[in-house]
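The values are calculated or read from the model by the stated rules, or taken from the named source; none is laboratory data. Bear in mind that the values here come from a model prediction, so they are computed numbers and not experimental data. Neighbour counts run over all protein chains shown; Cβ positions are idealised from the backbone, glycine included.
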Amino acid sequence: MSYVKPKFRHPKLPTNSLGYSVADYDGAISTLCAGCGHDSISAAIRNACFKSAIPPHRIAKLSGIGCSSKMPTYFLGRSHGFNSVHGRMPSVATGASLANRELTYIGVSGDGDTASIGMGQFVHLIRRNVNMTYIVANNGCYGLTKGQDSATADLGSVAKGGAVNPFDGIDLASLALLQGASFVARSFSGDKEQLEPLIRAAMAHKGFAFIDVVSPCVTFNNHAGSTKSYAETRAHVDAMQLDFIPMREEIRTQYEAGTSQTVTLHDGSVIHLQKASSDYATDDRAAAMQAIQKAEAEDKILTGLLHLDPNSQDLNQLLNLANKPLNELDKDELCPGSRVLDSINQGLR
Amino acid sequence: MKPTNVTDPEYFHKVVDCQFACPAHTPVPAYIRLISQQRYTDAYLVNWESNVFPGVLGRTCDRPCEPVCRRGRVEEEPVAICRLKRVAADFKEDVSSRLPRAGKPNGKKIALIGGGPASLTVARDLAPLGYELHLYDANAKAGGFMRSEIPSFRLPESVLDEEVGYVMDMGITAHFNTYVDSMADILTNGYDAVFVGSGAPRGRDLPKLPGRKKADKNIHIGLDWLANVAFEHTKKIGKKVIVLGGGNTAMDCCRTSRRLGGEDVKVIVRSPFEDMKASPWEKEDAIHEGIPIIDNHVPKEFVLKKGKLVGMTFEKVEPKYHEDGRRELVPTGEEPAFFECDDVLIAIGQENAFPWIEKETGIRFTSWGTPIINDDETFQSTRKDVFFGGDAAFGPANIITAVAHGHKAAVSIDLYCRGKDLEKRPAPNVTLISQKMGIHEWSYDSIPVNDKREAVPLVELGEALKDRDLEVELGFDLETAFVQAERCLNCDAQTVFTADSCIECDACADICPTSCINFIQNAPEEELRANLMVPADDPEQDIYVSQTLNTGKVLVKDEDVCLHCGLCAERCPTAAWDMKLFTYNVAKATPDLMEVS
Ligand SMILES: Cc1cc2nc3c(=O)[nH]c(=O)nc-3n(C[C@H](O)[C@H](O)[C@H](O)COP(=O)(O)OP(=O)(O)OC[C@H]3O[C@@H](n4cnc5c(N)ncnc54)[C@H](O)[C@@H]3O)c2cc1C
Ligand SMILES: Cc1ncc(C[n+]2csc(CCOP(=O)(O)OP(=O)(O)O)c2C)c(N)n1
Ligand code: SF4
Ligand code: SF4
Ligand code: SF4
Ligand SMILES: [Mg+2]
């Protein structure tokens, strides 16, 4: 087994506006199982950060516990990172985002980490609209602890040992919609063409951006009978194709009239929903709920941008915090002295 | 684009850039791996089978392999392929017991005219089959230009003697000190076939340049002069020497002059420095020995004073490159330049000359003076029982080309003597074997080292210039050799893809350090190349296209900068990728000449 990735890269790797190539967004070599969907998500995050030209040192990666939560080691080796405890990434993310509102926060979690032990924290993260991208690598099982059913395992899905799951699975995207998340999407680790622009849009979005990514566990949940295997996911996926065009970038693709829909984010970047998805109303939360349920009834997995509220107020705005990151406020700003205190007191008289 | 046909051995052969570029198709990565395993004798024998003169070539080869070495595409410098060959030769044990011997006489008799690498290769390839081989050479020993032209400070005589000896010891009948002056005579001697490996022996002159005749005593044709030095007829040269020409012969002339008393030695060449024919390393070596190279100077006149050569004048020119690639040297209009000298060596090219082959033999020649040859596979001349090879076939080239010709000519001669069709060439010996040693474990050092190329150490300059026989290069020591060998990327460990097993999880594409792997929609080749993650813009480098996969996409791998690191195969959950060792051995007249496992 190789524990290092060769240092050589393609000499003609393209560079982004910062002069970095995608290799500058690489992390350590993965130790996950060969073929694990999580590695594809890592690559999609890497590619998204490269394409959006985010300086690596302005990104913080956060995670809990699980194979999925190990992922941050395997991308963005030059960024900040915090591998917290099981299900507790949301509280760390909330604190970090409050302390320094200027970083791009990418949370990576698993279905176990989020839908079981971390459920309590997760809903509060949504409720507070913490400005971050939250990705669940959803494989319907606890990969790290040898593949037990997780809370997102679908009703009737057969575990590797043959046991049929008697419980209804939690649909995290529906939950996020219900709880008022300002950006909700679903994707598949095997569809980078969709996943990459979604991650880029999520990072550009101001507020909590949730992406539920079906990510097959090749070792414990990729057999016949599993509803989250590569084959099964591919057979049922109903994908909305989309493009992401960051602000100030020219729109190059030609769309046929009436086949696309444009959603503009708060910073001016644009998401193009293509073809069949052109009549989908991303700003209508109730419609999104319905679309998910309709797809489920038809035995389909609806992927793409499900809901977006481009004008949401994130936690920093809701709490009316200083524009300057709290961790940069120095003594004089935090304790402006007795003269300022006096004037405040005067104002209260 | 159609799926790649990997059952065609030429597909994977081309991926091993160095081996593909080597005229004799030496299995380079195989011998380099043997060096890392400290199996120097085996490394030597792998070479010996392919190129007959590993010790010689490890010092003198033109190394067409190195400029194309894949390593040179992912970092600054290619693998030191040539000098590693010398390591195998330097550190091998006695190989004589493992070399093939002359076979039981088969009743056929072959004449070889000229004792250079081409004839010696034919002899080596045919001897085990029982042919009676008669080798003619005007000189007292075999070796050809390797002996008479290549100076011993680059190629020690002992190394040459040893390797020429391995061939001659296979029962070859030598006719030395015998200049063949009539092909017609040879043809009456009852030979079943004749191989002409007489080289391109005539050095070009500047007969019309003013002063040429009068200064003749101090003007020498480089080719003849080097031979005279080699055979110790010439031991001295004047203090001030001008060498005319920009090829490797000029480089050998100037460096030899420095060792025979030349103190102020200059190379003066018509073309710009960059366009000179000499290999970059030969130019470096000359400059290192204190020899300036003056470019863009066209010889105008030999200048004499009181009947003696005192210098030369040159017209200064400038290169002008035309759109069609043509180069023109345009006079700058400046005053002609004058350089003093005592002697001039003319090294401006060499030509074929066959004054000894009569018209009535039926052997016909082109207007260039080269023989008309069936093609570059058979090497048969217009007379069915006469074959040409080496410099005699297509004009001056190099040793490894002469060897490659020799292999093919030997196959032809054998087919001819057995009454077989010469066009039906035997196929190369090819194998493709998985290198999997366990889960995620390969038989070779798959992850490349980061070490840089190192230059071969030299003897101190002062010492080197004192003795024309002292070898300048010291060769790599074993520690350096190991590191240099480990730089090889093992391009013969092929990435082989089985579309049926692929679940399109992207793991290989994600891990590939050099972004070679793509899962995309199929398209015509040009479009497909442009659509890759990093466009494959070198048409010389193939792209590997799979059958259509379940999602309707195809896998496309750009071979260009693949590191053969095996990570794609390690990350593949279904073993759709495998690393398979590809061996390719050019068919020789004697099939299993050696065994190295
Ligand atoms: C100065 C110089 C330096 C070189 N350096 C290198 C180098 O570093 N690396 C490299 O790869 N190549 C080098 N070459 C080229 C290389 O030497 C030749 O390409 C190669 O030797 C050709 O081999 P061959 O078998 O065709 O003939 P040759 O090596 O030329 O041998 C021909 C032999 O035939 C003999 N002969 C010719 N006519 C007759 C006849 N009628 N009767 C009897 N004998 C005859 C000659 O005496 C000679 O011995 C160099 C060439 C020169 C001139
Ligand atoms: C507090 C605590 N409880 C239980 C565990 C054991 N544990 C480790 S990982 C894991 C589940 C991980 O599942 P998921 O988040 O889906 O990640 P996956 O491995 O499937 O990617 C559990 C229960 C733990 N590490 N810490
Ligand atoms: S156990 Fe499953 S989730 Fe964990 S690394 Fe292996 S394939 Fe991925
Ligand atoms: S890296 Fe090794 S195998 Fe590849 S071209 Fe260079 S020498 Fe040959
Ligand atoms: S061996 Fe595989 S992973 Fe390594 S460089 Fe080549 S294609 Fe990429
Ligand atoms: Mg899981």
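Region A:79-151 holds strands (runs of 3 or more DSSP E) entirely within its bounds, and those carrying 2 or more residues that are closer than 29 Å to residue A:231 by Cα map to A:104-110, A:132-138. Of the residues making up region A:14-58, those that are surrounded by fewer than 17 Cβ atoms within 10 Å (Cβ to Cβ) and either under 16 Å from the mean Cα position of the chain (by Cα) or facing chain B (nearest Cβ under 10 Å) (or both) number 1. When residue B:538 is tested against (1) within 16 Å of ligand 2 (Cβ to nearest atom); (2) over 26 Å from residue B:443 (Cβ atoms), just one condition goes unmet, and that condition is (1).
Quick one: how many residues across region B:325-354 are of a type in the set (Lys, Arg) and free of Cβ contacts under 8 Å to residues at least 12 places away in the same chain? The number of residues fulfilling the criteria is 1. Of the residues making up region B:449-465, those that are in contact (Cβ under 8 Å) with a residue 60 or more places away in the chain and part of a loop (DSSP other than H, G, I, E, B) are B:452, B:453, B:454, B:456. Residue count for region B:561-582 satisfying the condition of being touching a helix residue (DSSP H, G or I) at 6+ places or on another chain (Cβ under 8 Å), farther than 17 Å from residue B:514 by Cα and within 12 Å of ligand 4 (Cβ to nearest atom): 1.
Of all residues in region B:466-490, count the ones that are farther than 30 Å from residue A:41 by Cα and assigned to a loop (DSSP other than H, G, I, E, B).
Selection size over region B:466-490: 13.
Here residue B:357 clears all of (1) touching a residue at least 12 places away in the same chain (Cβ under 8 Å); (2) assigned by TED's automatic domain parsing to the domain that holds residue B:267 except the condition numbered (2).
Checked across region A:162-178, the condition of being more than 16 Å from ligand 5 (Cβ to nearest atom), hydroxyl-bearing (Ser, Thr, Tyr) and either free of Cβ contacts under 8 Å to residues at least 60 places away in the same chain or over 25 Å from residue A:35 (Cα atoms) (or both) holds for at least one residue.
Looking at A:219, A:133, just one residue is within 20 Å of residue A:105 (Cβ to Cβ) and either within 14 Å of another protein chain (Cβ to nearest Cβ) or away from ligand 6 (no atom under 16 Å from the Cβ) (or both), and that residue is A:133.
Conditions (1) away from ligand 4 (no atom under 16 Å from the Cβ); (2) surrounded by fewer than 24 Cβ atoms within 10 Å (Cβ to Cβ); (3) within 14 Å of chain B (Cβ to nearest Cβ); (4) at pLDDT below 95, marked per residue:
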site: A:106; (1), (2), (3), (4): yes, no, no, no
site: A:124; (1), (2), (3), (4): yes, yes, no, no
site: A:127; (1), (2), (3), (4): yes, yes, no, no
site: A:143; (1), (2), (3), (4): yes, no, yes, no
site: A:185; (1), (2), (3), (4): yes, no, no, no
site: A:195; (1), (2), (3), (4): yes, no, yes, no
site: A:201; (1), (2), (3), (4): yes, no, no, no
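Among the residues of region B:530-544, is any of a type in the set (A, V, I, L, M), assigned to a strand (DSSP E or B) and either at the interface with chain A (Cβ under 10 Å from one of its Cβ atoms) or touching a Pro at 6+ places or on another chain (Cβ under 8 Å) (or both)? The answer is no; no qualifying residue exists.
For region B:556-582, a tally of residues being surrounded by fewer than 18 Cβ atoms within 10 Å (Cβ to Cβ) and either more than 10 Å from chain A (Cβ to nearest Cβ) or not in a loop (DSSP other than H, G, I, E, B) (or both) returns 0.
Residues in region B:497-520 that are away from ligand 3 (no atom under 16 Å from the Cβ) and either under 21 Å from residue B:534 (Cα atoms) or facing chain A (nearest Cβ under 8 Å) (or both): B:497, B:509, B:512, B:513, B:514, B:515, B:516, B:517, B:518, B:519, B:520. Quick check, is residue A:2 surrounded by 24 or more Cβ atoms within 10 Å (Cβ to Cβ) and polar (S, T, N, Q)? Spelling it out, it is not the case that residue A:2 is surrounded by 24 or more Cβ atoms within 10 Å (Cβ to Cβ) and polar (S, T, N, Q). The listed residues are B:374, B:429, and the only one of them that is surrounded by fewer than 19 Cβ atoms within 10 Å (Cβ to Cβ), under 30 Å from residue B:356 (Cα atoms) and either more than 14 Å from ligand 1 (Cβ to nearest atom) or assigned by TED's automatic domain parsing to the domain that holds residue B:35 (or both) turns out to be B:374.
Candidates in region B:42-55 are the residues that are aliphatic (A, V, I, L, M) and part of a helix (DSSP H, G or I); of these, the one that is nearest to the other protein chains (Cβ to nearest Cβ) is B:43. Please specify each residue of region B:424-448 satisfying the condition of being outside any loop (DSSP other than H, G, I, E, B), within 14 Å of chain A (Cβ to nearest Cβ) and under 13 Å from residue B:578 (Cβ atoms). Those that are outside any loop (DSSP other than H, G, I, E, B), within 14 Å of chain A (Cβ to nearest Cβ) and under 13 Å from residue B:578 (Cβ atoms): B:436, B:437, B:441, B:442. Of all residues in region B:465-503, those being within 16 Å of ligand 5 (Cβ to nearest atom) and surrounded by 19 or more Cβ atoms within 10 Å (Cβ to Cβ) number 11. Against the numbered list (1) within 13 Å of chain A (Cβ to nearest Cβ); (2) crowded, with 23+ Cβ neighbours inside 10 Å; (3) over 22 Å from residue A:24 (Cα atoms); (4) not small (Gly, Ala, Ser), residue B:553 comes up short only at (2).
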